[in-house]
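The values are calculated or read from the model by the stated rules, or taken from the named source; none is laboratory data. Keep in mind that what you see is a predicted model, and the values were worked out from it rather than measured. As a convention, Cβ positions derive from the backbone with ideal geometry for all residues, glycine included, and neighbour counts pool all protein chains shown. Keep in mind that these areas ignore ligands, DNA and RNA; they rest on the heavy atoms of the full protein, side chains included. Shrake-Rupley method; radii C 1.70, N 1.55, O 1.52, S 1.80 Å.
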Amino acid sequence: AAATIGGGAACAEARTPPMKAHSSGGSNALRYFEDFAVGDVHELGSRSLSEDQIIAFAREFDPQPFHIDPEAAKSSAFGTLVASGWHTVATFMSLLVKGLLNDTASMGSPGIEGIQWLRPVKPGDRLDARIRVLETTPSKSRPDRGIVKTEGQLTNQDGDLVMTLRAVNFFGRRPGSR
């Protein structure tokens with residue numbers, strides 16, 4: 001089953017106007033639906049997670065012993081403290097927004113199609129994020145936007161894949177392109 005965030009496709013597509021992009025320090029050119037092509041890969045940047053960050057996030061959102069207690073984590077299946085999968089997803093989202101979405105005509109997302117946590121994220125791990133465009137489709141019901149399906153990936157400093165995320169996003173069409 002797909003996880004839906006933000007009220008579902010009908011809600012997001014019907015009510016979300018295109019947002020003006022905010023500069024993320026990347027390209028100053030606003031990217032529209034037409035700027036995404038199947039096979040494109042966008043590197044989104046990196047971020048490391050410290051033990052303190054892992055514990056703070058987990059205390060509030062996922063307080064399982066192997067996320068909040070380094071001593072208890074030693075006797076877990078992981079053998080050490082590990083980040084919550086939701087912390088991993090939140091880290092990916094932050095890198096996606098700063099590395100791409102702030103420079104686009106993003107109109108939100110009706111949800112994700114799936115998340116896979118493939119390896120644990122440990123304190124000190126550096127996570128590198130990227131997305132690959134899987135599919136682009138002009139909206140049939142809303143000519144001012146298009147639908148872009150992507151696969152997001154996080155790898156650690158050793159190049160090991162730690163998370164994948166398949167998502168659907170709405171992007172505004174370039175003015176005059178319809």
Item to check | Overall dimensions of the stretch 27-165 by Cα: Rg and Dmax, Å | outcome: 17.1, 55
Item to check | Peptides 63-72, 127-136 ordered by average Cβ neighbours within 10 Å, highest first | outcome: 127-136, 63-72
Checklist entry - Hey, how many Å between the Cα centroid of the stretch 34-73 and the Cα centroid of the stretch 146-170? => result 13 Å
Checklist entry - Can you give the Kirkwood hydrodynamic radius of the stretch 73-140 from its Cα pairs, in Å with one decimal? => result 14.6 Å
Checklist outcome for this item: Given a 1.4 Å probe, the accessible area of the stretch 75-178 per residue, as a whole number of Å², is 43 Å²
Checklist entry - Which aspartates and glutamates does Lys74 reach when only Cα atoms under 17 Å apart count, and residues fewer than 8 places away in its own chain are ignored? => result Glu51, Asp52
Item to check | Amide H contacts of Gly45 (H built 1.01 Å from N, under 5 Å, at least 5 apart or other chain) | outcome: Ala129
